[in-house]
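Everything below concerns the one structure shown next.
The values are calculated or read from the model by the stated rules, or taken from the named source; none is laboratory data. Note that the coordinates shown come from a computational prediction; the quantities given were computed from them, not determined experimentally. With ideal geometry, Cβ positions are generated from the backbone for all residues, glycine too; neighbour counts draw on all protein chains shown. Please note that ligands, DNA and RNA were not included when accessible areas were found on the heavy atoms of the full protein model with its side chains. Shrake-Rupley method; radii C 1.70, N 1.55, O 1.52, S 1.80 Å.
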Amino acid sequence: MDWKNQVVLVTGGTGSFGKKFTRILLEEHQPKKVIIFSRDELKQHELQVGGFNDPRLRYFIGDIRDRERLLRAMHGVDIVVHAAALKQVPALEFNPLEAVKTNVLGTQNVIDAALDNKVEKVLLISTDKAVNPINLYGATKLCAEKLLIAANAYRQTSQSPPYFSIVRYGNVVGSRGSIVEVLKNQKKTGEVTLTHEDMTRFWITLD
């Protein structure tokens, strides 16, 4: 994907992925503008005072549950990287409707706003947990994937934008809320708990 001279909007841009992706985008790919779209003004402020003050950066407070806000945010945008989601597995099991509102309905709002603004490309950041999901988080991300792929049918022709696509990734070492934080805290107590003795994990880094 060619990012040069493009206007890029990143939903969930203050998260672990969003921050790393934005830094790489600005340093290596010469975008015209990058819009950080997120609902947490504190995290946006922390980014700005922490060095994310490139003149090509714009900060846009909003929630993907709010379709009208997305419509405004995507005006003039070329590429959308949709990384916003609720991700904490135990919390979503106890708050299932909130997971649906953000991960499923929020994704549909992203799709609608992209179509109405004639965005060129939309990329959903999904998860390996969408494969044969056994928890609600994985199930909502699978639904989000299905919605995004189906949205390609709304294009006027096979050659006309927006182009909707998906990338999945797995456990990111050190990302906010990852199991690494839990293990570090448990190490201090001298007892590390396991979900299952036969469980295995593979890791990727933010880089």
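Annotations for the structure displayed:
- Surface composition of segment 1-151: carbon and sulfur atoms hold 53% of the protein heavy-atom accessible area at a 1.4 Å probe.
- With protein chains left intact and a 1.4 Å probe, residues in the chain average 57 Å² of accessible area per residue.
- Unit charges on C-beta of K, R, D, E only; dipole of segment 100-164, Debye: 60
- Extended-chain gain in nm, criterion 0.36 nm per residue less alpha-carbon gap, THR195 and GLU93: 35.1 nm
- Cα gyration tensor, segment 96-142 - rounded (a/c under 1.5), prolate or oblate: oblate
- Residue (of ILE204, GLY138, VAL104) at the positive-pole extreme of segment 88-207, dipole from beta-carbon charges: ILE204
- Placing +1 on each Lys and Arg Cβ and -1 on each Asp and Glu Cβ, with no other charges, gives segment 48-207 a dipole about its Cα centre of roughly 220 debye.
- Taking label positions 7 Å along the Cα-Cβ direction at both LEU71 and ILE134, the computed distance is 4.3 nm, reported to one decimal.
- On full extension, the segment bounded by VAL49 and ARG155 gains 34.1 nm, given 0.36 nm per residue less the C-alpha separation.
- For the chain, built as a Gaussian network whose Cα springs stay under 10 Å, the top-fluctuating residue of ALA73, ALA91, ALA99: ALA91
- Mean-position separation - Cα centroids, segment 130-207 and segment 40-69, in angstrom: 23
- Cα gyration tensor, segment 92-189 - rounded (a/c under 1.5), prolate or oblate: prolate
- What a 1.4 Å probe finds exposed on segment 156-207 is 53% carbon and sulfur by accessible area, rounded to a whole percent.
- For segment 15-125, the square roots a ≥ b ≥ c of the C-alpha gyration tensor eigenvalues yield an a/c of 1.5 or more together with a/b not exceeding b/c, which makes the shape oblate.
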